[in-house]
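The values are calculated or read from the model by the stated rules, or taken from the named source; none is laboratory data. In this text the structure is predicted, and so the values were computed from the model without any measurement. Here the Cβ positions follow ideal geometry from the backbone for every residue, glycine too, while neighbour counts run over all protein chains shown.
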Amino acid sequence: MDPALWAVTALLAAAYLLGGAFKVLVPKERIAAVGRSGRWVEDFSAAGVRAIGAVEVLAAVGLVLPALLHVAPVLVPLAALGLVLLMAGAAAVRARRGEYRLVAVDLVYLLLAAFVAWGRLGPGSFLG
């Protein structure tokens, strides 16, 4: 199971690092212009969008670095649990906006993050 956890962790870390950096570096108006998937930013201030991006970047780092460096590996499942909460909020925003197809995407990310949290907290984790 460890290779599967690492694969999912790497996928999530890459997605959140790129997505978070995009939210931090690109103005809110340009994110909204991306299309339907970027319209959620209309519900947040520019600082709020940057804050969400910063959380995503920090979570991406937290998914990988502690395990690789063998320093505070408990941060890996905590970062994954943070992403579960973040994606639950994202799904709620999308549902409120009526963007149901995108809710499904958010729920896939939520389930992948939950898998990492479960795998890294469970009996076969590297924490034991």
Listed by first then second residue, the pairs whose first member lies in region 84-96 and is closer than 14 Å to residue 56 by Cβ and part of a helix (DSSP H, G or I), whose partner is of a type in the set (Ser, Thr, Tyr) and at pLDDT 95 or above, with beta carbons under 7 Å and at least 6 positions apart or on separate chains, are 87/109
Filter region 18-65 for residues that are charged (D, E, K, R) and surrounded by fewer than 19 Cβ atoms within 10 Å (Cβ to Cβ); the one that is modelled with the lowest pLDDT is 36
In the set 68, 75, 111, the lone residue that is out of contact with any Lys or Arg (no Cβ under 7 Å at 6 or more places or on another chain), within 18 Å of residue 14 (Cα to Cα), surrounded by 16 or more Cβ atoms within 10 Å (Cβ to Cβ) and not basic (Lys, Arg) is 75
Within region 61-71, is there a residue that is in contact (Cβ under 8 Å) with a residue 60 or more places away in the chain and either under 12 Å from residue 116 (Cβ atoms) or hydrophobic (A, V, I, L, M, F, W, C) (or both)? no
